[in-house]
Amino acid sequence: MKLSVTRIFLRAVLTAFVASLCGCTIYSDEMYPEDPAADAFRSVYSETVDRFFRMTELCDFFSAYQEIKSDADAGLALAESYFGDNVYYLVYDRLSVTGWGVLGLSDDGSFLVGDSAVELWPVIPVGDRTYVSDIVTASGSHSFRSSVRDGKVVLEALSVEYVAADGVKVSLELISPVSRDMCSCGQAPLWPDAGALEVMFSGQGADDFFTVRFEDGARYMERQ
Amino acid sequence: MAVFLAGSFPSRASERPEGRGGDFSFRRYEISVGGGVYPGRAAFGYNTYSGYLFYPVGIGNIYEASRYYEKERTSGSWTAAFTFNFTKVMALGASLSYEGGWSGLYRRSDGTKVTGCADNYISPMLTLRVSWLNRPLVRMYSSVGGGVAVNLTREATLEEGRRLPVESDVTFSFQVTPIGISVGRKLFGFAEAGIGHQYVGGFFGIGYRFN
C-alpha cells in the first residue's frame, strides 16, 4: 500500500485525536493522607519542641553575651556566629533575631523569651549552659529542661499539655532526650537527630496516641 | 483504534494526487475541530476544590480530612474553529471551546459521596495566525489568541439534599501556540504545541479548506 505524506500525517493526527477522545474523561483520584498523624505532629512540633530549641539558643547566646556586652564588636561577632545575618537588634538587655524570636533580661537574671513580644515565657539559666522553663498559660502548661553540650542543643526533660485553637487537647512527653545540632551562622536543622517523644491528641475527632522517634533528621512514628 | 486507522484511508496504489509538487493553492476559508492534551482549565485548576470543608487547618480538621478522598475528572478540551485567510501568511480565526471538570468528595469508610462540584467553561476566542512556512502540502505557523471564558460552576451538598444555585463568571482566556503544523490540501490534519486556557501541551485535529 502506497501512502502519501498527507495520509501518514492524517493517520497520526487522527490517532492522537481519537486518543484524546477516548481519554476525554480523565480520572485523577486525589487521596487525602492515610495517616494524618504526621501532618498533625508537624503542626504541633513548631509550637513546642522547635520553639524550645530556639529559646535555648537565644538564652545560650545571651548568657555568653553578658560576659562581653561592653565590647559591641565582640558582641555582634558572637551574635553572628549563632544567628548569622538574622540579628534584628541587640542591646544590653534585649535581643531580637528573625526566625528565632525575642529575648529580654529580667531584673532577677532570668530571661523572658518568645516568638514575639506579645507572649514571653520565663526561662531560667541554672548554670553550665542549662536552662529550665515551667509555664502555665490560659491554654495549658509547658515545661522543659535543656542544655547545650558538644555543639548540640539537648532537651533533657519535656512535658507539654495544652488545648489547641480548635479544641483538640495535645500532650507531649519525653521518652528519651531529644537533640539537634546547635545553630551556627544562622543555620539550624529543623528536625532533631536523636531522641523520642510520646504524643497524644484527644477530642474533636482527633483521638490518637503514638510515639515519634528521631534519627539523623528522619522521623519514625509508631503506634503500640 | 487499529481498525479505525486501517480503515480510514483505503489504499489506491495507482493514485497520484493532483497538483502534487505544484504551486501553493490558496484557499480563503477553513473549518476545523480538535482536542487538546492536557486540557487548559484543568492544568490551571478548576474551581472545584472541596478541601475548603477542612479549613481552617487544625489538628481536628487534619484528622477529619483523612476520612475522605476526592475524585476529579475532566471532559477534555474541545474546539471548533472557523478561519479566514487574509493572505497566504496572515489569518484570523474565531473559535468556540468547551471544557468541563467535575470533582466529588467521598467518605472513605463507605464511599458515600458527600459533596460534588462541576465547572464548565465555554470559551469564544479570536486567534491571529502567522504561517511562516507555506508549501503545497505542509504549512507551519504560530498563533496567539485571546477571548473570554464563561464559567458555569455548580456545587451541591448531597448529604443535606441541598443544591446550590449555578454561579456564572466571565474570565479572560488566552492561548499561545509557538508552533503548529498542518499537512494536507483541502482536507488536512494539524498538530500544535502551546500553552493557554484551551490546552497545555498538544492540540490535534482535522480541518477543511475551501473558497
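Here is how the numbers come out for the structure above:
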| item | result |
| --- | --- |
| Paramagnetic label zone (point 7 Å from Cα along Cα-to-C-beta, A:ILE124; backbone N under 17 Å) in region A:68-108 | A:105-108 |
| Longest segment of chain A lacking GluC sites (Glu not before Pro) that sit in a DSSP loop with at most 16 other Cβ atoms within 10 Å | A:120-224 |
| Gyration tensor (alpha-carbon) shape descriptor, region B:28-210, a/c threshold 1.5 | prolate |
| Within a Gaussian network of chain A (alpha carbon springs, distance under 10 Å), most fluctuating of A:ASP108, A:ASP193, A:ASP39 | A:ASP108 |
| Per-residue HN-Hα couplings for region B:73-79 [Karplus 6.51, -1.76, 1.60; θ = phi - 60°; Hz; x = Gly/Pro] | 9, 9, 7, x, 10, 10, 9 |
| Neighbour-limited loop hits for chymotrypsin sites (Phe, Trp or Tyr not before Pro), region A:64-171 (at most 13 other Cβ within 10 Å; DSSP other than H, G, I, E, B) | A:TYR92 |
| Global geometry of region B:62-116, whether rounded, prolate or oblate, following the gyration tensor of its Cα atoms and the 1.5 cut on a/c | prolate |
| Taking all pairs of distinct alpha-carbon atoms in region A:36-222, Kirkwood radius in angstrom | 17.0 Å |
| At R0 = 30 Å, FRET efficiency that the Cβ-Cβ distance of B:TRP132 and B:VAL33 yields, to 0.05 | 0.80 |
| Per-pair calculated FRET efficiency, R0 = 25 Å: A:SER159 and A:ASP207 via Cβ, rounded to 0.05 | 0.80 |
| Around A:LYS152: net Lys/Arg minus Asp/Glu count, Cβ-Cβ under 9 Å | -1 |
| Among A:ARG54, A:ARG94, A:ARG145, residue whose mean-square fluctuation peaks in a GNM of chain A (springs only between Cα atoms under 10 Å) | A:ARG94 |
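Throughout, read-outs are computed from the coordinates displayed, never taken from laboratory work. Bear in mind that the values here come from a model prediction, so they are computed numbers and not experimental data. Here Cβ is always computed from backbone atoms with ideal geometry, including for glycine, and neighbour counts include all displayed protein chains.
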